[in-house]
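The values are calculated or read from the model by the stated rules, or taken from the named source; none is laboratory data. In this text, all values refer to a predicted model and were calculated from it rather than measured experimentally. All Cβ positions, glycine included, derive from the backbone under ideal geometry; neighbour counts span all protein chains shown.
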Amino acid sequence: MSCTLGEVKNRADLIIYWGGNPAECHPRHFTKYTIMQKGKYVPNGRKGRTMVLVDIRETPSAKAADIFLQVRPGKDFEVLTLLRAIVKGQRIDPRAAAETGLTLEQLTDLADRMKRAKFGVLFFGMGLSMTRGKHMNSAAALTLAAELNAFTKFVAMPMRGHGNVTGADVVLRYTTGYPFGINLCRGYPRFNPGEFSSVDLLVRGDVDATLVLGADPGATMPQPAIDHLARTPTIVLDPKVTHTSRLARVHITTAATGITAPGTVYRMDEVPLPLRPPLKGPYPSDEEVLRRIIAAVRKKPAWEPDPAGVMAG
Amino acid sequence: MLRITGGTVYDPANGVHGEVRDVCIAGGKVVAAVEGGRTIDASGMVVFPGGVDVHTHVAGAALNFARGLIPEQHRKAVPVVHSKLRRAGLGGVTPTTFATGYLYAGMGWTTVNEAAVPVLSAKHTHEELRDTPIVDKTCCVLMANNELLLDLLEAGEYERARDVLAWLVWAAKAYGVKAVNPGGVAAWKWGKDAKRLSDPVEGYGKMTPGTIVAALARMVDDLHLPHPLHLHCNSLGNPGNVDVTLETMKVLEGNRAHLAHLQYHAYGGDDWGTIRSEAVAVADAFNANPNLTADAGAVLFGNTVTITADGPWQHLLFQLTGKKWANLDVENETGCGVVPYAYKPGSPANAVQWAVGLELLLLITDPWRIYLTTDHPNGAPFWRYPEIIRLLMDRDYRREQLNTIPGAVHSRLVLPELTREYTLSEIAVITSAGPARALGLPHKGHLGVGADADVAIFNVDKDPARMFAYPRYVIKGGEVVIEEGELRQVVEGRSFAVRPAYDEAVEAYLRPVFQQQYTMSFDNYPVGPDRVHGLEVVGPATQAGREPGEPGA
């Protein structure tokens, strides 16, 4: 249950950030889309909105919040589950609340605010989706938002970042049916995060060459994955020198999309935006390099999957 | 150059109902005669104009949202294995883009109308359509809950609203105008709905769904768009919604409209326990209103996923099923909901839905006004159309299938009493000639001289489901893409868009309003013509509903 960011700008009177620090990580989020904007139905802007921040530590984003709720690390799932129970009017043991670092009064107040809001939104960051509980936490947040729609209008949205990760997700979905963790070795897409995700393939040493596009796994992945990248042929397309490019066999310098190359970027709400480069540069775009690689590969003898093998598999 | 000889030709638009004659093709068009070139011997086979889908969801942010929601269904989908010709992909209930092109062409369908596009994400829809090969494409842009328009209508500024609508159609590079649950989705932005035509619309004073429907239908006719208002009526799927559907026909006041997935709007009863068919009432009223066309939105039993801009309906379906639910509201324009769903023959409500789709197809007397769809993927995926053709052509099979649903439901249906069987000519009308005419595509849906050379050639088979699932040959724009039932060539499809006339000054009005209400720059909003692959701009028709202009540059 999500929406494009303009819906938040025009309607949201309750804005919750959970497990994220937008003041530092998404610095334009407050001013362009959420608390600072005057919206069509929120004419008073900041005064017409309540912002709640839920996190395990007091980040600079807390200064912007009306209410800051500090959760004990690893207890997000419990807080979300308690909120779901309170929203449904179930009785809660105050001791269960206390374990989360919050009081029952704080939780009940938040649940009341969520139900009373005309339009509520829950933005959740990696502090929720990538910490203990991982996708279970995301599922709990999304379920809470879904269930709140029995009382009022409520939406939830992950705070995605890292450039155009949403765009990659979108394009993979319409070409293969899946957003990531896709294996095409049998000639058709299969999906299994944890088995086919790039980090798992690298850690297991399943791949014998890697093409890196718009990412810097050498900076973010676990050491065994980085070791495998260094051990095997790794090709990096990037406008700049990165941790990965330093360990790669080949680094092709490409144009920076949006600066010297045109393109399309998908916002975190999946709205596509065209990019018009203000500058000219000497380097080819990622797309051009890939087209040339594909053309060169085409000249090699074709590999076609064997349908009999597919059926046997 | 290509000559198809000896086939039994069904070209109802030109009064040809099963005659053995040649079809000649040159330059991608049907011509009177050709010298030399290839000959396909179609003796003993049936020759149809390529299928035209007037209402389907094959591309766009909502569908792509659905793809991400149902990996468990993809796992069961037919894989499309990468080959020299084919890109890898998946079939299933939401086929991937390339697979969509192969699957449509693989059953002889060559033109599709993507029925629900928000302007805000139209760039994305066109990206997906670009990767949907072989078939030609049109799309309808969502307007009935667009707040730029509703605010103007509320203020009584009809003329300016019409200019805004025309500007938006061109901005989205769309072909037609779609209305989904008029006013209801705008109300959904506050968690409400507008089920009846006289209901107030949350957030507005004067406006009702009825006034929105009437105004939009009038605008589309005033602008002489080739395709009438494409209307998803209020109260979709609700027991007892027949009254709303009949009332909608009245408020149109003779303006043209295409009623989408009529099956979902023809129910009686008070609740899910008492839901019954009102196909007779809907068909009678429809038969008496020549300004209307419709598509069936038929349901087949099995797994699928429902996707619609009708946000409040999807929330209800989520509450009913307890299954997954995704909602994606689009600022100022529309909503969208996704709920995976399984139609079960044992469920009385599903059994009624299954029957109503067939009843409407059988009760509406003029096949030129009712078309075969399943509202893909809502009622069933499009690749199951041949199963519906069999149900329409074979009453014994229909009777057999009636035995699979609870006997107690029979009294709530008229299907058991219907004996009509579709002829091959009528199948050619509801799958090709009729929808092409409704879309206002004069070069589609027939095999007369000058038509696009889109042809499907079928082996004669006593089982129509098998016959129409596996054409022997499919020709698209004069190129043989399917031969002996196999994909032999992949061609690119074209995209048709309409550029209606509007006062250029409307842009000066829109810019500041837009900057205030949206979250992107006004200049980034329209879809540039260079972003639409194979774009062909169609002029508005000279008179509403008749003779649309030829495609031009």
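Numbers for the structure displayed
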| quantity | calculated |
| --- | --- |
| Flag for B:Arg75 being out of contact with any helix residue (DSSP H, G or I) (no Cβ under 7 Å at 6 or more places or on another chain), without any contact (Cβ under 8 Å) to a residue 24 or more places away in the chain and of a type in the set (Lys, Arg) | yes |
| Residue within region A:48-69 that is under 22 Å from A:Met159 (Cβ atoms), touching a Gly at 6+ places or on another chain (Cβ under 7 Å) and either among the basic types (Lys, Arg) or within 14 Å of another protein chain (Cβ to nearest Cβ) (or both) present | no |
| Scope region B:246-267; condition touching a strand residue (DSSP E or B) at 6+ places or on another chain (Cβ under 8 Å), of a type outside the set (A, V, I, L, M) and either part of a loop (DSSP other than H, G, I, E, B) or surrounded by fewer than 19 Cβ atoms within 10 Å (Cβ to Cβ) (or both); matching residues | B:Asn255, B:Arg256, B:His261 |
| When residues of region B:299-340 are limited to those that are among the β-branched types (Val, Ile, Thr) and more than 20 Å from the chain's Cα centre (by Cα), the one farthest from A:Phe119 (Cα to Cα) | B:Thr321 |
| Residue under evaluation B:Asn378, criteria (1) part of a loop (DSSP other than H, G, I, E, B); (2) within 14 Å of another protein chain (Cβ to nearest Cβ), criterion not met | (2) |
| Test: residue in region A:247-255 that is of a type outside the set (D, E, K, R), part of a helix (DSSP H, G or I) and touching a helix residue (DSSP H, G or I) at 6+ places or on another chain (Cβ under 6 Å) | yes |
| Top-ranked residue of region B:82-97 - restricted to ones that are facing chain A (nearest Cβ under 7 Å) and under 22 Å from the mean Cα position of the chain (by Cα), ranked as surrounded by the most Cβ atoms within 10 Å (Cβ to Cβ) | B:Thr96 |
| From A:Lys134, A:Lys153, A:Lys118, residue being within 10 Å of another protein chain (Cβ to nearest Cβ) and surrounded by fewer than 16 Cβ atoms within 10 Å (Cβ to Cβ) | A:Lys118 |
| Strands (runs of 3 or more DSSP E) fully within region B:279-351 counting 2 or more residues that are within 14 Å of chain A (Cβ to nearest Cβ) | B:302-308, B:326-329, B:337-343 |
| Total residues in region A:259-274, condition at negative phi and either at the interface with chain B (Cβ under 8 Å from one of its Cβ atoms) or surrounded by 19 or more Cβ atoms within 10 Å (Cβ to Cβ) (or both) | 9 |
| Output for region A:13-38, where each listed residue is more than 25 Å from A:Met130 (Cα to Cα), within 11 Å of another protein chain (Cβ to nearest Cβ) and assigned to a loop (DSSP other than H, G, I, E, B) | A:Gln37, A:Lys38 |
| Residue match in region A:160-168 (condition: farther than 22 Å from A:Thr260 by Cα and either more than 14 Å from chain B (Cβ to nearest Cβ) or at pLDDT 95 or above (or both)) | no |
| Qualifying residue in region B:405-428 (condition: under 27 Å from B:Val34 (Cα atoms) and surrounded by 24 or more Cβ atoms within 10 Å (Cβ to Cβ)) | yes |
| In region B:219-245, residue farthest from B:Ala144 (Cα to Cα) [restricted to those that are under 21 Å from the mean Cα position of the chain (by Cα) and either surrounded by fewer than 20 Cβ atoms within 10 Å (Cβ to Cβ) or small (Gly, Ala, Ser) (or both)] | B:Gly237 |
| Test: residue in region A:81-103 that is surrounded by fewer than 14 Cβ atoms within 10 Å (Cβ to Cβ), within 14 Å of chain B (Cβ to nearest Cβ) and under 17 Å from A:Leu148 (Cα atoms) | yes |
| Index of the failed condition, A:Pro189 passing every other in (1) under 30 Å from B:Gly89 (Cβ atoms); (2) more than 13 Å from chain B (Cβ to nearest Cβ); (3) surrounded by 14 or more Cβ atoms within 10 Å (Cβ to Cβ); (4) more than 16 Å from the chain's Cα centre (by Cα) | (2) |
| Some residue of region B:19-33 being closer than 17 Å to B:Val474 by Cα, of a type in the set (D, E, K, R) and not in a strand (DSSP E or B) | yes |
| Any pair with Cβ under 8 angstrom, 6 or more apart, that starts in region B:503-518 at a residue that is of a type in the set (Asp, Glu) and ends at one that is modelled with pLDDT of 95 or more | B:Asp503/B:Asp163; B:Glu507/B:Trp167 |
| Candidate set: region B:338-352, residues that are in contact with a strand residue (DSSP E or B) (Cβ under 7 Å, 6 or more places away or on another chain) and touching a residue at least 40 places away in the same chain (Cβ under 8 Å); chosen: the one surrounded by the fewest Cβ atoms within 10 Å (Cβ to Cβ) | B:Ala342 |
| Residues of region A:259-294 that turn out to be part of a loop (DSSP other than H, G, I, E, B), farther than 30 Å from A:Gly6 by Cβ and among the charged types (D, E, K, R), as a count | 1 |
| Test: residue in region B:6-13 that is closer than 28 Å to B:Leu447 by Cβ, in a strand (DSSP E or B) and without any contact (Cβ under 8 Å) to a residue 24 or more places away in the chain | no |
| Selected residue (criterion: farthest from B:Val185 (Cα to Cα)) from residues of region B:319-337 that are hydrophobic (A, V, I, L, M, F, W, C) and surrounded by fewer than 24 Cβ atoms within 10 Å (Cβ to Cβ) | B:Leu320 |
| Segments classed as helices (runs of 4 or more DSSP H), wholly inside region B:100-172, with at least 3 members that are buried (at least 24 other Cβ atoms within 10 Å of the Cβ), more than 14 Å from every other protein chain (Cβ to nearest Cβ) and out of contact with any Gly (no Cβ under 6 Å at 6 or more places or on another chain) | B:158-171 |
| Every residue from region B:55-77 that is more than 9 Å from chain A (Cβ to nearest Cβ), at pLDDT below 95 and part of a loop (DSSP other than H, G, I, E, B) | B:Lys76 |
| Any hit, region B:175-194, residues being in contact with a helix residue (DSSP H, G or I) (Cβ under 7 Å, 6 or more places away or on another chain), within 14 Å of chain A (Cβ to nearest Cβ) and at positive phi | no |
